[in-house]
Amino acid sequence: MEMYSASMRTTVDLHDDVAKAVEDRRRATGRGLSATINELVREGLLAQHSDRSRFVQTSSPVGLRVDVSNVAEVLDLLDDHQ
């Protein structure tokens, strides 16, 4: 599926591992090099904008009430509680 009718010729230097991955993908799909690179770039660009699940911090009660202004004391309390 070609989305754009205009094309641009350019030279790109690929690291060896990237070139191998592109070649492996090209052989697996039977497509040409340009089509494979365009497909991989589109996938990468779309992945940047995909909805990732939002990170939610969870906590568990440890049964202690501490003044966290003294970090050393808090660490001692937590070590003793284990």
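This ranking places Arg26, Arg9 by how few other beta-carbon atoms lie within 10 Å of each, fewest first, which gives Arg9, Arg26. Answer rounded, prolate or oblate for segment 1-50, using the Cα gyration tensor with square roots of eigenvalues a ≥ b ≥ c: rounded when a/c is under 1.5, else prolate when a/b is larger than b/c, else oblate. Judged from the Cα gyration tensor, segment 1-50 comes out rounded (a/c under 1.5).
Bear in mind these aren't lab numbers, they're just calculated from the coordinates by the rules spelled out. Source: prediction; values computed, not measured. Please note: Cβ atoms are built from the backbone with ideal geometry, for glycine as well, and neighbour counts cover all protein chains shown.
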